[in-house]
1. Considering each residue of the stretch A:19-56, count those that are part of a strand (DSSP E or B) and polar (S, T, N, Q), and give that number.
2. Just to be sure before I move on: is A:LEU101 assigned to a loop (DSSP other than H, G, I, E, B) and out of contact with any His (no Cβ under 6 Å at 6 or more places or on another chain) in the structure I sent?
3. Of all residues in the stretch B:40-61, which are surrounded by fewer than 19 Cβ atoms within 10 Å (Cβ to Cβ), in a strand (DSSP E or B) and hydroxyl-bearing (Ser, Thr, Tyr)?
4. Do you know which of the residues in the stretch B:49-78 that are hydroxyl-bearing (Ser, Thr, Tyr) and without any contact (Cβ under 8 Å) to a residue 24 or more places away in the chain is farthest from the other protein chains (Cβ to nearest Cβ)?
5. So how many residues does the stretch B:11-46 have that are within 11 Å of chain A (Cβ to nearest Cβ) and of a type in the set (Gly, Ala, Ser)?
6. What do you reckon, is A:GLY16 free of Cβ contacts under 8 Å to residues at least 24 places away in the same chain and part of a loop (DSSP other than H, G, I, E, B)?
7. Out of the residues in the stretch A:1-23 that are hydroxyl-bearing (Ser, Thr, Tyr) and farther than 20 Å from B:PRO39 by Cα, state the one that is surrounded by the fewest Cβ atoms within 10 Å (Cβ to Cβ).
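What follows draws every value from the coordinates through simple rules; no lab data is involved. All values derive from a computational prediction rather than experimental measurement. Cβ coordinates were reconstructed from backbone atoms using ideal geometry, including for glycine residues, and neighbour counts include every protein chain displayed.
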Amino acid sequence: SQELEQSPQSLIVQEGKNLTINCTSSKTLYGLYWYKQKYGEGLIFLMMLQKGGEEKSHEKITAKLDEKKQQSSLHITASQPSHAGIYLCGADETQGGSEKLVFGKGTKLTVNP
Amino acid sequence: KAGVTQTPRYLIKTRGQQVTLSCSPISGHRSVSWYQQTPGQGLQFLFEYFSETQRNKGNFPGRFSGRQFSNSRSEMNVSTLELGDSALYLCASSLVMPGWGDGYTFGSGTRLTVV
C-alpha cells in the first residue's frame, strides 16, 4: 500500500519567514491533498493537486505536485501566527473500486510572533 | 452550506462498553468515510459508505462497524472498547466518489476516551 513521508516532522519559524513542507510518496501520486489541522480538531481542506507539475496558490500558501519525483511541496510565504497548526498531506489510493485517503504523519508548524 | 457534523464532540467510556458515533455529511454528498487519528499511528482509514453500502474497509478488527442511512447520515460503532481505541474519530464526506469534486470535507471529529 502507499506510504507518505512528510518532512520535517516539526518546524518552528519566526513570523514573517518563508517555509516549505515536503510530502514524498512510495508510489506515483495521482491525487494529492493538503490539509491543515488545529490540535484536536477536524481537517481544513487547503488544496488538491492532480496533474504532474500542477501548482496552486491560496493567499500565502502554494502547493506543487512533482509527479516524476512522487513528491509534493507546500510553501508558506511571510508566515503568520494564524498559519500555526499541523499540516497533513493525503493521497488517493484506489482499492476495490473505491477510493480512500492515506495520510502522512503530519508536520507541526509553530510560528513565533 | 452547512459542513460535516459529527456528534458527540467528546465521549468518555469504560473498557468493555460500546459506543456509537454519528456523522451527517454535507447536503447532497453521498459518500461518507471514517478515519481514526492517534498520536502513534496518525490518520488511518476505517471504512467508506456510499448509498448505504460499505464500499471499502481498512485494517481494523470486527469490533469496528458502521452503517449509512438513506439520507446519507452515517454511524460507526465500536463494541467491547479497549484502551487503545482512545482516539479522534473523523468523518469525511464527498459528492459521489472520494477525490471528485472539491475533495473530501472533514467534520470536527469525536474525541473518544476509554478509561
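1. Number of matching residues: 5.
2. no
3. Hit for the stretch B:40-61 is B:THR53, nothing else.
4. B:SER70
5. 4
6. Spelling it out, it is not the case that A:GLY16 is free of Cβ contacts under 8 Å to residues at least 24 places away in the same chain and part of a loop (DSSP other than H, G, I, E, B).
7. Among residues in the stretch A:1-23 that are hydroxyl-bearing (Ser, Thr, Tyr) and farther than 20 Å from B:PRO39 by Cα, the one surrounded by the fewest Cβ atoms within 10 Å (Cβ to Cβ) is A:SER1.
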